[in-house]
Each structure stands twice: as structure tokens, then as C-alpha cells.
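Colleague: One structure is given below, represented as C-alpha cells, and several questions about it will come after.
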Amino acid sequence: MAVLGKIRQKTGLLIFLIALALILFLVQDAFQNGFFGSNANNIGTVNGTDIDAQEFMRKVAQVEKQNQNTTNTQAINNVWEQEVRNILLGEEIEKLGLGIADEQVINEIKKNPYFSQNPQFLNAAGQFDENKFKEFVKSIKNDPNQDRWLEWKNFENEVVTSSVQNMYYNMLKGGVYTTKAEGQFKYVAENRKVDFDYVTVPYTTINDDEVKVSDDEIIAFMKKTPKKFKSENTRSIEYVLFDNKPSDADEKDMEKAMNDVMFGKVEFNSKTNTNDTIAPFKDITNVAEYVNKNSDIKFDSTYVTKKDLPLEFQEQLFNLSTGEVFGPYANNGYQNVSKMVARKSNASAKASHILVSYAGAPQASVTRTKEEAQTLANELLAKAKANPNDFGKLALENSDDPGSKNNNGEYDNIAPGQMVPQFNDFVFNNAPGTIGLVETDYGFHVIKVMQKYDAVLLATVAKRVEPSEATIDANYSKAVKFEADAADKDFAELAKTVNANVVPSTNFKVTDEYIAGLGAQRAIVLWAFNDDTEVGDVKRFEVPQGYVIAKMTTKNDTGLLSVDIARQSVGVTLMNEKKAVKIHEKMKGNSLEEVAKATGGSVITATDVILANSAIPNVGQEPKVVGTAFNLASGKVSSLIDGNTGVFMIKTKTVKNEAAAPNYNSQVAQENMQQQNSAQMRAYQALKEKASIEDNRGKM
């Protein structure tokens, strides 16, 4: 198996070249043999309009160039969504006869800061000069390099497309109208309140084992409202990760290597036929250069306090003498050797303060005068000195500094010069426990010096502990064995035998690339959507972390949701319906008190509940219950109500009507804005659902 490790190390370039050749071959074959469907030049079709593959990939490349952090799959999906949107909206725009004149195009371009704020296009008065702009466009058109002109025309087309789409959306918004009655209902729903008593028996009091929901029941439920349970083509898997972590032996080998840094060593140099002496770290004078040359983490000249050091080694490291060395020690996946370079007293401090501000001071939100502020500050100073332990409480109740008030007025790790001079001088020139008063531009500060921190400068040689070839080979063998065993054994039970966690990744689409917990793993996605992959199939993948053994758990084709997925929501709904029948048998009685006694519950009062959110305190959203409470006569007991969380019986106590409003203009405006904002999304979604779309991205 060690041979595998050597191959991985020494044939990277060869593998890359082979992979590149394969990719080029496949791409060529895709276009020659109709890889994208009946028309090899198209990546998809929307309502009969083809999306040209070559132009599509040009746009993908442009997106990747403009956004360096965008993956290829993300770029493909972004461009696809934009192409579909442009075609669907373009059809509607053409029907309406919308368009934009050349002068309007210039006006839209002027809105772009690159042009409106670029000195190249401004006149002497600093205003956009249309003549300069037209000369610029003319120079591009006459440029021998016609790629520039092509790029400019693409930009113009994007401006035109965006402009007419905005016109279309504005027309949609203009058609939205909210009536006074709708505004009034919104006001009532937000301001009318109800108090009611209730008894409830939660669904959770019935064990799930007591009620069974069949697959047929779930399917029948979904068929009543199929649009609600429409499914996209998705897959779900579960997997086990065999992580290439360093072994104990790898840790010990690195620890041994770091002993050479700690103590130095003498080794024979076959080239010079002499012994080379490597000095111990304590004898190194230029520590920064040495660390940068020999450590995986560069030298850091920052002084750190004791609490900033690794918890397990705080005492040893902080108490080193200058020039003394400690190690090797393990921390965060590294073996380390540290040397004390320098120590600094009072490097930082912790202090608590009460700011008493006054009108006119920076960031002040108070009305008191400066004289009133000074008087109050002196009063607080006297209280603080009389009872130093109450300083935090005084700050919480009186400080005008929002940055520290809710933290008992405390600021920690204050570096010299971090605060305004008067504050800084008091903190660093006085001993812990000192309480005093200083004035700054912000107001008067009652300050308590709480703690002073010394800091140290350490030079640390840190080497990451990596898994050895032997460790990787052993991990590979475990993964291969697990893959073979998982073909005919229970996946979850098998994972327990190797102390591995089974991780689910559900409902991903063919155009996705991310697998939960693993990141971008396009190969796993493509395997899951391969026509030959069936539920229960198992396959091994090499990933940056190690090896993944994946098992296909669900294939959810376009149409109704699969029962396995629907059971998570529909199954719970049907289960609660059956539980409600059982609960009804227990909730016997004509009054809340009788029902409470019969069920072992109690009568609870809900106060000031509003219709707008229908939330019962400590229960959750219960629209049927709250709606009943508003419509029930005071003192009258309801019949049993099957709610979201359980079965209820209620008795309305009081409905508190809302205060009279002079008008409902603000409610009408809010509702209208909300409807306008959603009109754009709802209109496009309707067009998309109605459209005939052939999507070949999954074949890329």
C-alpha cells in the first residue's frame, strides 16, 4: 500500500495532464454526439427558445472572471437562472410592446457610477458630458480590436434588458391596489386583543408507536392538493467519512523531530563527509528568521497575556525566563517548541466605568447640562467609593456608554493609547482597585481600575502533524473493507462497529455541488443522479479529508414527493389527526375544570393575544384556537379544537377592542408596499411554473 502513497506524491502532473485530456475529449464528444440532447449546440430550451451552449459558456466564464470566489457550478446555475428569466420576461415584454430608445439607454448608463463619477466623462462643472461619452463609444467601435466592441454591445444589451424588465415590474406594481377595508383589517388584527382560559392535551402525550400512518394514507393526502406536494428531481444519501487524521505514531514521530529543535542535534553530512551541528533553539539569537525558516506558522511579534496562551500550558509558557525554551507540546494539531523572547509589565488593563454625558457632547442622547452631569458624576463617585463591589450595578443603572453599560461598564484588554488620553492615563497610572473621576470630550467618567496584565513575546516553532503514508494506507484499507461490507449489511450498524458517524445529505438536485458536511463534491452528486445508481447502492469516493463511503437512500423524481420525504411533514400531520381522536376520548366534561380534572391538566389563562400572529404564550402558533377565541361569546365554552400542537378547549374571558383610529392610511401603505414587493416574485414564479423548460445542465 505504501506504493500508492508514492504514486500520489510523484505523479500529480501526469494525472493532471491525463485528466485534462479526458475533459477535452469528453467536451468534444459532447458537442459532436448530442451530449446536451437532440441539439448538441443547446444547453436547454425555454418555451421553444434554445439557449446556445457556446454563448452560455462564454457568460459562465465571464461570471467566474468577475467573481473569483464563484465555483464553476455556481456560475453555471447563476447564468442559467438569468437566461430563463430573460426569455420568460422577454416574451411578456414583447407582448406588451415595451422597449427603450437610444437616448434612454444613455440615461440608464449614466446611472452607473463608473460613468457618472468618472472624470473621463465629466465636464468642467463636474457633470456628465454626453458628447464625451459618445466619443468614447465611437472610439471603441473604431478600435481594430473588435472584441472591445463586442463586449460593449453585450453591456448595452444588458442595460436594455434590465431597463425593460424594470418597466415590466413597475407596471405589475402599479396594478397592485390595497383597499381601505384591507387596511382596517390589518389594524384590527394588530391591535384587538383577547383574554381566554384554556385546557390543552399536547399531541406529544400520545406515543408515536400508538398510531400508524401507512404509505397509502400519505399518498392519498398529497393527491388532494398535488401542487402543494410537487417534487423536484432530487436525491438523498447517507455517508461515512474515513478521515485521514494523524495517528498516535504520527504524533510521536513529529514530537521526536521537534526534540531536535528543542535540544539540537549532530548529523553526518555525506556530501562534505563531516558532522553538521544543529544548534538547540535556546542558542538561536535571530529567532524571527529561524522561526520563519523552520516553522509552519510565521513569527508573530505580538505580545500576549497569560489567558491568551494554550490553557493546558499557560503556567509553563507564561513563567519562562527570558531565553528559556519549553516543548515539545501539542496544540491545535501542531507540535510546538516555544522560546521566551521578552516580557512586558502592564501591557494591558481591565477597567469599568460609568459615563455621565451631557447635551452637546459627542454621541450624547441626553438633555442634562454639563453642570448637572458633573454633579451626578460626583454623586456616583461617592457611592462607588463607599461600596466598590456595587460598581457594576451602578454602571448598569447609570452609564450613558452603550458599548459597556450592559457588561457592568467593563472594558477588557485595554491597550495603552486605545482610549482617550485622560481615560488612558488614569487606568495605566493607577493600581487595581483605584476609583476616580476624569473628564473627556464625551463627558465625565467614574472609573474603577480592575486589573493589570503582563504580556510576553514568545517565538514558537510549530510543525503541523500530518498523517503518514502508513496511516493513509491503513485508512484506505478500512474504507475499502467498509465499502465491501456495506453492500449487504446494515449501513448504520456497520458504522457503529468502526466508531463512525452516519451523516445524511438530503434533497440535493442534479445542478447542486455541495454535500452536507463535505463541501463541494460534484462527483458524488453525479453518481447519485446516474441512471445506473439505485437506492441501496454504495460507492467509495476520495475527498480532501480522506475517503467517503456513500449510500443512496432516496430517489425523488419529478412529480409527487416520495413517501420517505413526505413522511417528515405529511406523516406528522396525519399522525396528529389520529392522536386527536384518542385525545378526544380523554377530554370528557362540560367545563374547563372538568376536562382538566379528567386529563390531569390545569386551566391556563392566555392574555393580550392578537390575531396578527395567533401565538399563545409558551405554546406557539395556534390560528384555529385564537380565531375561535375572538369569535366566541364571553363566558362561553368552545367545543374541542384540534390545533397545531394539541387538542384545546377554551373559554373566552374578554375581547379588548382596538382604540379608534382617525384613518388607516399607514396600514394601507404598509400592506400595499408588501404586496408590491411580492408581486414581482409571484409573477415570475407563475411564468416559470407555466413554462415548458428543458434543462440539460445535469448532463454537463
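The values are calculated or read from the model by the stated rules, or taken from the named source; none is laboratory data. Model, not experiment: these values are computed from the prediction. We place every Cβ from the backbone using ideal geometry, glycine too, and count neighbours over all the protein chains shown.
Colleague: State which residue pairs qualify: first residue touching a residue at least 12 places away in the same chain (Cβ under 8 Å) and among the basic types (Lys, Arg) and inside region 189-207, second residue surrounded by fewer than 16 Cβ atoms within 10 Å (Cβ to Cβ) and part of a loop (DSSP other than H, G, I, E, B) in any location, beta carbons under 9 Å apart, and separation of 6 or more residues or different chains.
Modeller: As it stands, the answer is ARG192/ASN657; ARG192/GLU658; LYS193/ASN657; LYS193/GLU658, since those pairs meet every condition given.
Colleague: Let me ask something additional. How do the pairs read when you match residues in region 456-469 that are within 20 Å of VAL304 (Cβ to Cβ) with residues anywhere that are of a type in the set (Lys, Arg) and surrounded by fewer than 18 Cβ atoms within 10 Å (Cβ to Cβ), using Cβ under 7 Å and keeping only pairs 6 or more apart or on different chains?
Modeller: Sorted first by the residue in region 456-469, then by its partner, the pairs are VAL456/ARG343.
Colleague: Please give the number of the condition ASP209 fails out of (1) assigned by TED's automatic domain parsing to the domain that holds MET649; (2) closer than 29 Å to ALA679 by Cβ.
Modeller: (2)
Colleague: Hey, another quick one. Out of VAL456, VAL461, VAL465, report the one residue that is at pLDDT 95 or above and over 30 Å from GLN545 (Cα atoms).
Modeller: Details: VAL461 fails: over 30 Å from GLN545 (Cα atoms); VAL465 fails: over 30 Å from GLN545 (Cα atoms).
Matching residue, one of VAL456, VAL461, VAL465: VAL456.
Colleague: Can you name the condition, by its number, that SER139 falls short on among (1) surrounded by fewer than 16 Cβ atoms within 10 Å (Cβ to Cβ); (2) among the hydroxyl-bearing types (Ser, Thr, Tyr); (3) under 30 Å from ASP564 (Cβ atoms)?
Modeller: Every listed condition holds for SER139 apart from (3).
Colleague: Hey, can you tell me all the residues within region 515-530 that are in contact (Cβ under 8 Å) with a residue 12 or more places away in the chain and either part of a loop (DSSP other than H, G, I, E, B) or not assigned by TED's automatic domain parsing to the domain that holds ALA484 (or both)?
Modeller: Residues satisfying the conditions are ALA516, GLY517, LEU518, GLN521.
Colleague: Before we move on, is ALA124 out of contact with any Ser or Thr (no Cβ under 9 Å at 6 or more places or on another chain) and outside any helix (DSSP H, G or I)? Before the answer, list the steps.
Modeller: Values: out of contact with any Ser or Thr (no Cβ under 9 Å at 6 or more places or on another chain): yes; outside any helix (DSSP H, G or I): yes.
When the stated conditions are applied, ALA124 passes them.
Residues are listed down the side, and each one gets a yes or a no for (1) touching a Phe, Trp or Tyr at 6+ places or on another chain (Cβ under 7 Å); (2) under 22 Å from VAL570 (Cβ atoms):
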{"residue": "ASN191", "(1), (2)": "no, no"}
{"residue": "PHE196", "(1), (2)": "no, no"}
{"residue": "VAL201", "(1), (2)": "no, no"}
{"residue": "THR204", "(1), (2)": "no, yes"}
{"residue": "ASP209", "(1), (2)": "no, yes"}
{"residue": "SER214", "(1), (2)": "no, yes"}
{"residue": "ALA220", "(1), (2)": "no, yes"}
{"residue": "PHE229", "(1), (2)": "no, yes"}
{"residue": "THR234", "(1), (2)": "yes, yes"}
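Colleague: Where in region 263-368 are there strands (runs of 3 or more DSSP E), lying wholly inside it, with at least 3 residues that are modelled with pLDDT of 95 or more and within 41 Å of the chain's Cα centre (by Cα)? Walk me through it before giving the result.
Modeller: Details: elements: 265-269, 274-278, 325-331, 334-356.
Once the strands (runs of 3 or more DSSP E) in region 263-368 are filtered for at least 3 residues that are modelled with pLDDT of 95 or more and within 41 Å of the chain's Cα centre (by Cα), what remains is 325-331, 334-356.
Residues are listed down the side, and each one gets a yes or a no for (1) free of Cβ contacts under 8 Å to residues at least 60 places away in the same chain; (2) under 30 Å from GLN521 (Cβ atoms):
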| residue | (1), (2) |
| --- | --- |
| VAL60 | yes, yes |
| LEU89 | no, no |
| GLU94 | yes, no |
| LEU172 | no, no |
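Colleague: Here's something else I'd like to know. Given (1) outside the structural domain of THR645 (by TED's automatic domain parsing); (2) farther than 30 Å from ALA615 by Cβ; (3) acidic (Asp, Glu), identify the lone condition not met by GLU182.
Modeller: Only one criterion is unmet by GLU182, namely (2).
Colleague: If you don't mind, there's one more thing I want to ask. Taking PRO280 as the residue in question, decide whether it is surrounded by 14 or more Cβ atoms within 10 Å (Cβ to Cβ), more than 14 Å from LYS339 (Cβ to Cβ) and free of Cβ contacts under 8 Å to residues at least 60 places away in the same chain. Break it down stepwise before answering.
Modeller: On the way: surrounded by 14 or more Cβ atoms within 10 Å (Cβ to Cβ): yes; more than 14 Å from LYS339 (Cβ to Cβ): no; free of Cβ contacts under 8 Å to residues at least 60 places away in the same chain: yes.
Against the criterion (surrounded by 14 or more Cβ atoms within 10 Å (Cβ to Cβ), more than 14 Å from LYS339 (Cβ to Cβ) and free of Cβ contacts under 8 Å to residues at least 60 places away in the same chain), PRO280 does not qualify.
Colleague: Can you tell me which condition LYS212 does not meet? The list is (1) over 24 Å from ILE616 (Cβ atoms); (2) of a type in the set (Lys, Arg); (3) outside any loop (DSSP other than H, G, I, E, B), and all the others hold.
Modeller: (3)
Colleague: Residues in region 460-475: is at least one crowded, with 18+ Cβ neighbours inside 10 Å, in a strand (DSSP E or B) and small (Gly, Ala, Ser)?
Modeller: The answer is yes; a qualifying residue exists.
Colleague: What are the pairs, 6+ residues apart or on separate chains, where a residue within region 478-492 that is free of Cβ contacts under 8 Å to residues at least 60 places away in the same chain has its Cβ under 7 Å from a residue that is buried (at least 16 other Cβ atoms within 10 Å of the Cβ) and assigned to a helix (DSSP H, G or I)?
Modeller: Final answer for the pair search is ASP485/LEU494.
Colleague: How many residues, within region 531-562, are in a strand (DSSP E or B) and touching a strand residue (DSSP E or B) at 6+ places or on another chain (Cβ under 7 Å)?
Modeller: Applying the first criterion (in a strand (DSSP E or B)) to region 531-562 yields 538-543, 546-556, 559-560.
From the residues that got through so far, the ones that are touching a strand residue (DSSP E or B) at 6+ places or on another chain (Cβ under 7 Å) too are 538-541, 546-556, 559-560.
Of the residues in that region, 17 qualify.
Every residue, every condition in (1) in contact with a strand residue (DSSP E or B) (Cβ under 6 Å, 6 or more places away or on another chain); (2) under 30 Å from ASN501 (Cα atoms); (3) not hydroxyl-bearing (Ser, Thr, Tyr), yes or no:
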position	(1), (2), (3)
ASP195	yes, no, yes
VAL199	yes, no, yes
ASP215	no, yes, yes
LYS224	no, no, yes
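Colleague: Every residue in region 414-450 that is loosely packed, with under 14 Cβ neighbours inside 10 Å and either in a strand (DSSP E or B) or on the phi > 0 side of the Ramachandran plot (or both), please.
Modeller: GLY417, GLY433
Colleague: Can you work out which of the residues in region 476-493 that are in a helix (DSSP H, G or I) and surrounded by fewer than 18 Cβ atoms within 10 Å (Cβ to Cβ) is nearest to the chain's Cα centre (by Cα)?
Modeller: Let us first name the residues in region 476-493 that are in a helix (DSSP H, G or I), namely 476-486, 491-493.
Now drop any that are not surrounded by fewer than 18 Cβ atoms within 10 Å (Cβ to Cβ), which leaves 477-478, 480-481, 484-485, 492-493.
Numbers: SER477: 36, LYS478: 34, VAL480: 34, LYS481: 36, ALA484: 36, ASP485: 37, ALA492: 29, GLU493: 32 Å.
My answer is ALA492.
Colleague: Identify, from the list GLU439, GLU466, GLU483, GLU493, the residue that is charged (D, E, K, R) and closer than 30 Å to TYR329 by Cβ.
Modeller: Details: GLU439 fails: closer than 30 Å to TYR329 by Cβ; GLU483 fails: closer than 30 Å to TYR329 by Cβ; GLU493 fails: closer than 30 Å to TYR329 by Cβ.
Just one listed residue meets the conditions, GLU466.
Colleague: Name the residue, out of ALA615, ALA669, that is small (Gly, Ala, Ser), farther than 30 Å from THR511 by Cα and loosely packed, with under 13 Cβ neighbours inside 10 Å. Lay out the reasoning, then the answer.
Modeller: Working: ALA615 fails: loosely packed, with under 13 Cβ neighbours inside 10 Å.
On inspection, the qualifying residue turns out to be ALA669.
Colleague: Still on this model: Pick from region 606-636 the residues that are in contact (Cβ under 8 Å) with a residue 24 or more places away in the chain and part of a loop (DSSP other than H, G, I, E, B): which of them is farthest from the chain's Cα centre (by Cα)?
Modeller: Here the answer is LEU632.
Colleague: What number of residues within region 637-695 satisfy the criterion of being within 30 Å of VAL581 (Cα to Cα) and free of Cβ contacts under 8 Å to residues at least 40 places away in the same chain?
Modeller: Going through region 637-695 one residue at a time, the tally reaches 4.
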